[in-house]
Amino acid sequence: MQLPSPAMVKTAGWFCENAEMSPLGRRPSADDLLVLLAVGRTGKYTSAADELGLNHTTISRRIAALEQAMGGRVLARVAGGWELTDLGRDALAAAEVVETAVRSLATDPAGQRALEGVVRISATDGFSAYIAAPAAAAVQRRHPGVAVEIVATTRRATQQRSGMDVEVVVGEPKVRRARALRLSDYCLGLYGSRDYLATRGTPATIAELQKHPLVYFIDSMLQVDDLDLATSFTPAMRESVTSTNVFVHVEATRAAAGIGLLPCFMADRHDDLVRVLPGQVSITLTYWLVTRAETLRRPEVAAVVDAIRARVRDQHHMLLGAG
């Protein structure tokens, strides 16, 4: 997750190297809070150390000093890193006030508040390419100091969000200590290439689909219940080319591997694909965005989320297969 601005990094780094540890009962150090901010957003001591220009030992010492001053644990170890405790979330809110104060000193050439930092997103392949990437580009054009990292993956929302600021998943997520925002419905439909349908024939009923191979996800590796249930409309179709990547589904269908169950907003971009049984097969799924409340308070994250929602509104008809 995003780390302090360069000015704050320099200041925090200098103080963290030179300040004495806070004894019990003393007010928490603002610099220790900034270190917690870095660790809380990345979920890792090593990543925070790299960005702050410190070493792992210094990061550990500053967290220990903060815990001593606050009288309790601010971080708990989880799989793959560290997660904020309830006390840590209270401390993080204070750290964000410090960060905001420092950032308020920076403006862009037009006199507006300059945004900067890294925003990390995980989303499905199609959403990453056609929604998240254009949204990220729009933010970057307006705020050159903001970098957006997009990890394309199809999975459930994770319970421990160390390392990610925003997750976009299919189906309503069941998460703790996070906000889940409904983004948009989207449609899956059956498609065949013109060459395939000319050779094998176009199914006129759902029953006739049994004669055709299906291009879709690898069943044993599919982690998303809503996507798994999407094929329940049809009699058993033998598998053709299967993949964990929806772009492979599209290209295999275009290459006449069979009939693909594809997101309409992806398939409709290709003139060589024809929708099959559109009046009988139309599966509606929903994209949800998951983020922590403290993460959404970061202005650069809020800017990216706003841009994603604007892009979703702009692509509404395409997402529903009507565009």
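The values are calculated or read from the model by the stated rules, or taken from the named source; none is laboratory data. The structure displayed is predicted, hence computed values, not measured ones. Don't worry about glycine lacking a Cβ; one is built from the backbone with ideal geometry, like all the others, and counts go over all protein chains shown.
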- Residues located in the range 13-51, provided they are at pLDDT below 80, touching a helix residue (DSSP H, G or I) at 6+ places or on another chain (Cβ under 7 Å) and either more than 14 Å from L66 (Cα to Cα) or among the aromatic types (F, W, Y) (or both): G13, F15, E17, T42, E51
- Query: Any chance the range 247-263 includes a residue that's under 28 Å from V166 (Cβ atoms), buried (at least 20 other Cβ atoms within 10 Å of the Cβ) and without any contact (Cβ under 8 Å) to a residue 24 or more places away in the chain?
  - Reply: yes
- Note on the structure: Residues in the range 195-216 that are of a type in the set (K, R) and either modelled with pLDDT of 95 or more or closer than 23 Å to A322 by Cβ (or both) total 1
- Query: Does V102 satisfy the criteria of being more than 30 Å from F217 (Cα to Cα), touching a helix residue (DSSP H, G or I) at 6+ places or on another chain (Cβ under 6 Å) and without any contact (Cβ under 8 Å) to a residue 40 or more places away in the chain?
  - Reply: no
- Item | Hits in the range 294-308 (condition: touching a Ser or Thr at 6+ places or on another chain (Cβ under 9 Å) and either among the acidic types (D, E) or farther than 19 Å from G40 by Cα (or both)) | V305
- Item | Qualifying helices (runs of 4 or more DSSP H) (wholly inside the range 212-323; at least 1 residues being in contact with a His (Cβ under 7 Å, 6 or more places away or on another chain), basic (K, R) and not assigned by TED's automatic domain parsing to the domain that holds A137) | 246-254
- Does F265 satisfy the condition of being in contact with an Asp or Glu (Cβ under 7 Å, 6 or more places away or on another chain) and at pLDDT 95 or above? no
- Residue check for R311: farther than 30 Å from A101 by Cα, surrounded by 14 or more Cβ atoms within 10 Å (Cβ to Cβ), touching a helix residue (DSSP H, G or I) at 6+ places or on another chain (Cβ under 6 Å) and of a type in the set (D, E, K, R): yes
- Message: Considering only the range 228-241, I want to know if a residue exists there that is modelled with pLDDT under 95, within 25 Å of H316 (Cβ to Cβ) and surrounded by 14 or more Cβ atoms within 10 Å (Cβ to Cβ).
- Response: yes
- Message: For the range 136-153, which positions are closer than 17 Å to R298 by Cα, touching a helix residue (DSSP H, G or I) at 6+ places or on another chain (Cβ under 6 Å) and assigned to a helix (DSSP H, G or I)?
- Response: V139
- Which residue pairs have Cβ atoms under 8 Å apart, sit 6 or more places apart or on different chains, and have a first residue in the range 207-226 that is charged (D, E, K, R) and a second that is in a helix (DSSP H, G or I) and modelled with pLDDT under 80? D219/D228
- Query: Mind checking which residues of the range 153-184 are at pLDDT below 90 and basic (K, R)?
  - Reply: R155, R156, R161, K174, R176, R177, R179
- Query: Counting just the residues of the range 76-114 that are of a type in the set (D, E, K, R) and assigned to a strand (DSSP E or B), which one comes out modelled with the highest pLDDT?
  - Reply: R77
- Query: When the residues of the range 32-58 are filtered to those that are in a helix (DSSP H, G or I) and among the polar types (S, T, N, Q), which remaining residue is surrounded by the most Cβ atoms within 10 Å (Cβ to Cβ)?
  - Reply: T42
- Would you check which residues across the range 185-194 are surrounded by fewer than 19 Cβ atoms within 10 Å (Cβ to Cβ) and either modelled with pLDDT under 95 or part of a strand (DSSP E or B) (or both) and list them? D185
